[in-house]
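Report on the following structure.
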Amino acid sequence: MQNKFNKITWAVAIAAAAFASQANAGGYQVNEQSVSGQGYGHAGRSSNVNDATIVFGNPAGMSFLDRAQLTAGGTYLNVNSEIRNAEASRTNAGTLMAPQQTTGSSEGDMVPGTLIPFAFYAQPVNERLAFGFGVYAPFGSQTDYEDGFVGRNLGNYTELKVMSAQPTVSYRFNDQWSIGAGITYNRVEGELQRQVPQPGAGMADPDQDLDSRVEGDDDAWGYNLGVIYQPVPETTLGLTYRSKVDYDLTGSYRATNPDGSVATNPLTGAALEDNARLNLVTPETINFSVTQQMSDRLKLMAGASWVRWDRFEEIHVTNDAGDTITRETQDYSNAWAYGVGGEYQLNPQLVLRAGVTLDFTPTSDEFRSARIPSDDRRIFSIGAGWTPTENLTLDFAYSYLTERSTQVDQTRIDHEGTGAETELAYSADYKNEAHGFGAQLTYRF
């Protein structure tokens, strides 16, 4: 059996990794799989067929394409975060000593600029059958606080990358009905870091904190299903279901001293490094949208997405032997997002787009973390598509995202049951906003 201190330190790091992964999938779920869709706020994600990005939006839509086409592009996200009233403290639990204030900075802007790429190919076989393939990022984020961040004991670095590959098939029964299905191969990689007080040094020497890091990865399979219904040629209804994906994340944990050497448990002398295991489930998503052709030039769209986050009630971490190390309640709620948008065909070569999206967070005030300090979002988008030749279209889009001001009020106890427990606390007010710049190219064969 591992010693108690080693287990608790390891559990804290792995549990944080689980929370970051799952929260990013909800609070920071990546929507950037189509720049043409970005222009109208993805309001018609399941019903508006523009190009090969419909492989992701609704696999049933591929059978509405008249030619083979390749669409590739990306969106660059520039996130700005303002932190105010940041405070952190340490307390030797079980004593009458007053909390010691942790010194440090709170500069904000801890999310580096990120390019989110994608590529899709759709191939109609005949008037009814079509095949497609896509590579994209469904989830991902990175938070990288500055050295000396005041909340470093609760988390100062988080990185999550998920890439998916999706072969897809679509079949159109008649002018009204089409169905589609895809299988997804998903690869996840993550890294977590925070500063952990040593037993007995929690109050006395913050400069001797251990650098706690965990890395892990896994791959898993999922699927998606779609249906499109056109009661009349001017009206298109689309419904898409994306399955949950079950990951068994495995990796390594290591805590190092300020000089870079592997830390040891001062009570037993055991090295603070170990294997880690954690089951993660990214939840299923349902998207519904309607596209209405109002005239030869104007098209309007509206849509709603639902994510089943209520299955994420706790983090359960185990060691290689299957022993429970920690359980932490998260109490996520199901999340909704709504969008409206439109396209206007200015002339045969140029189409203009605009849209608004409301995206509600699954997190609660009680469990909001310094790693994922997000809240409800409003997104305003504009875009344009330019078709200089029959075979080529260039799409561009810009989105402005603003989040509701939110607060992090977080506490945790390190080294529980060792006689050297340290209670860590961090609180701050956050205001987040982001700018998204997208560009994509579609070539038709």
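The values are calculated or read from the model by the stated rules, or taken from the named source; none is laboratory data. These numbers were taken from a predicted model, which means no experiment stands behind them. So basically every Cβ, Gly included, is an ideal-geometry build from the backbone, and we count neighbours across all protein chains shown. Accessible surface areas use protein heavy atoms only, side chains included; no ligands, DNA or RNA. Shrake-Rupley method; radii C 1.70, N 1.55, O 1.52, S 1.80 Å.
As a calculated quantity, the FRET efficiency between E107 and H435 at R0 = 22 Å, using C-beta atoms, amounts to about 0.70. To the nearest ten degrees, helix 4-27 and the longest principal axis of the Cα atoms of the chain are 20 degrees apart. On the chain, 54 percent of the accessible area sits on carbon and sulfur atoms, based on a 1.4 Å probe. Straightening the chain between Q293 and A181 buys 37.7 nm, computed as 0.36 nm per residue apart minus the Cα-Cα spacing. Given their separation in residues at 0.36 nm each and the Cα-Cα distance between them, L352 and D365 gain 0.8 nm when the chain is fully extended.
Computed on the Cα atoms alone, the convex hull of the stretch 346-399 gives a volume of 99 cubic angstrom per residue. The Stokes-Einstein estimate for the stretch 156-251, based on a Kirkwood radius over Cα pairs and taken at 20 °C with 1.002 mPa s viscosity, is a diffusion coefficient of 123 µm²/s. In this simple spin-label approximation, D66 and Q345 carry label points 7 Å from Cα along the Cα→Cβ vector, and these lie 1.0 nm apart. Spin-label pair S333-Y398: with each label point 7 Å from Cα along the Cα-Cβ axis, the two points sit 3.4 nm from one another.
Largest first, the extents of the alpha carbon coordinates of the stretch 49-110 on the three principal axes equal 74, 26, 15 Å. Helical runs (DSSP H, four residues minimum) scored at -39500 (n - 2.57) apiece and divided by the length of the chain put the mean residue ellipticity at 222 nm at -2000 deg cm²/dmol. Computed log10 I(q)/I(0) for the chain at 0.07, 0.13 Å⁻¹: -0.39, -1.07, from the Debye equation with unit scatterers placed on every C-alpha and solvent omitted. Quick note on the stretch 90-155: its Rg to Rh ratio, both from C-alpha atoms and Rh being the Kirkwood radius, is 1.42. Principal axis analysis of the Cα atoms in the stretch 51-198 yields extents of 76, 30, 24 Å, listed in decreasing size. Note that the chain presents 42 Å² accessible area per residue, ligands and nucleic acids not counted, probe 1.4 Å.
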